[in-house]
Amino acid sequence: MTPIRTADDAARWLDDHPAPSAEALAAAGLVAPHYPTPWGLAADPGLQIALDTLLAERGIVRPDNPIGIGWAGPTLVAGGTPAQQARWLPGLLAGTDFWCQLFSEPEAGSDLASLRTTAVLDGDEYVVNGQKIWSTWADRSAYGILLARTDVAAPTHRGISYFVLDMSLPGIDVRPITEMTGQSHFNEVFFDDVRVPTDCRIGDEGDGWRLAKVTLGNERVSLSAGGVCWGMGPTSTEAFDLLRETGPLVDPVQRQEAARLWIQTTILELLGQRVVAAVERGDDPTPIASLKKRLADVHGQELLTLVKDRRGPHGMLGIQDAHAEDHDEWHWAYLFSRALTIGGGTTEVLSNVIAEQLLGLPREPRPSEPRPRRAP
């Protein structure tokens, strides 16, 4: 196959493959063109946008595997061996192997470095014990990216290692959490003497925190994009279309709120362009993506609240079951939006990232560090 280097090359390939399978798209490098070859096309942002437009025009949808393609894959590219990449990336990109993230714990969410799940080396395996929570789609995933403590005596950030976990291994207990939407987007995951082969560790032992930052950076770039619920459900454009359909905003308070949210939508679009520009320059996009997500999460909650208010009693009658024929996506989105300021980095954590990495303010002491004394 002739390598795809331009949008014209991709168009010719699609002419020859008018209804490509997910596997064919992945093999051609069109699922994640920003990945390096042979998994992607090492495409710059301009080519990525051109390819996105081309696929949309042809009605071709990429595989649905957001955590795998958006977060796990880039970490495997950054820290995995060639053998590990060849083992996991084909199924990840084709969407045949769905992935989840196993980072947060009941007492280590915002303070992720204090996680307590352990991985103890026993011959050529690690024995994993502990618990994770808020693990999106863990109940349907073939693999998970796992952070576990391999050295309990080391400083918190240095004793963590990064693993790929086969979710079918004995000793893994996944328990869905029923949310107020009526769905189970999140899960608890328990590990009871789960034996993980050493060749499933990514990077060196103790290198997990560095790799976790790669994952979290890509997570925040991903979650800062799309619609008002992390790319799920209705978009801001659809929300304003709905507001227009409900008639003139006579209430001056609601009118002012709608204007403020419209301005925020434009600001978020501009911040999205700054994320793309940072990538194009070769800069780390994480700080700007964190700013965009910090604003987008609150924006989504406030916009959906305004929509709920404008719909009046009708907005309280919607069925949020996504499988029901009369599913009301606005009702579902309003309820789900409560999670936006928690998942993928809480509002407080993102505010610290913005303060330290964008504004250059002093770093806030971590829980394990003594706070500086004030001068008398």
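At-a-glance table
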| read-out | value |
| --- | --- |
| Lone unmet requirement of (1) among the aliphatic types (A, V, I, L, M); (2) touching a Lys or Arg at 6+ places or on another chain (Cβ under 9 Å); (3) at pLDDT below 90 for L55 | (3) |
| Candidate set: region 121-146, residues that are β-branched (V, I, T) and assigned to a loop (DSSP other than H, G, I, E, B); chosen: the one modelled with the lowest pLDDT | T136 |
| Some residue of region 43-50 being of a type in the set (A, V, I, L, M), assigned to a helix (DSSP H, G or I), surrounded by 14 or more Cβ atoms within 10 Å (Cβ to Cβ) and modelled with pLDDT of 90 or more | no |
| L14 closer than 27 Å to T286 by Cα, surrounded by 19 or more Cβ atoms within 10 Å (Cβ to Cβ) and free of Cβ contacts under 8 Å to residues at least 60 places away in the same chain | no |
| Region 155-187: number of residues that are open to solvent by 20 Å² or more (accessible area, probe 1.4 Å) and among the aliphatic types (A, V, I, L, M) | 6 |
| Number of the exception - L55 against (1) in a helix (DSSP H, G or I); (2) open to solvent by 20 Å² or more (accessible area, probe 1.4 Å); (3) over 21 Å from V214 (Cβ atoms) | (2) |
| Contacts under 7 angstrom Cβ, first residue in region 131-149 being buried (at least 20 other Cβ atoms within 10 Å of the Cβ), partner charged (D, E, K, R) and in a loop (DSSP other than H, G, I, E, B), 6 or more apart | Y143/D97; R149/R116 |
| Tabulated pairs, region 19-37, first closer than 17 Å to R58 by Cβ, second open to solvent by 30 Å² or more (accessible area, probe 1.4 Å) and of a type in the set (D, E), C-beta under 8 angstrom, 6+ apart or interchain | none |
| Test: residue in region 92-102 that is in a loop (DSSP other than H, G, I, E, B) and among the charged types (D, E, K, R) | yes |
| Hits in region 188-220 (condition: at pLDDT below 95 and crowded, with 19+ Cβ neighbours inside 10 Å) | G208, L211, A212, V214, T215, L216, G217, N218, E219, R220 |
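The values are calculated or read from the model by the stated rules, or taken from the named source; none is laboratory data. Remember, predicted model here, so these are calculated numbers, not experimental data. As a convention, Cβ positions derive from the backbone with ideal geometry for all residues, glycine included, and neighbour counts pool all protein chains shown. We work out accessible area using only protein heavy atoms, side chains counted, and drop any ligands, DNA or RNA first. Shrake-Rupley method; radii C 1.70, N 1.55, O 1.52, S 1.80 Å.
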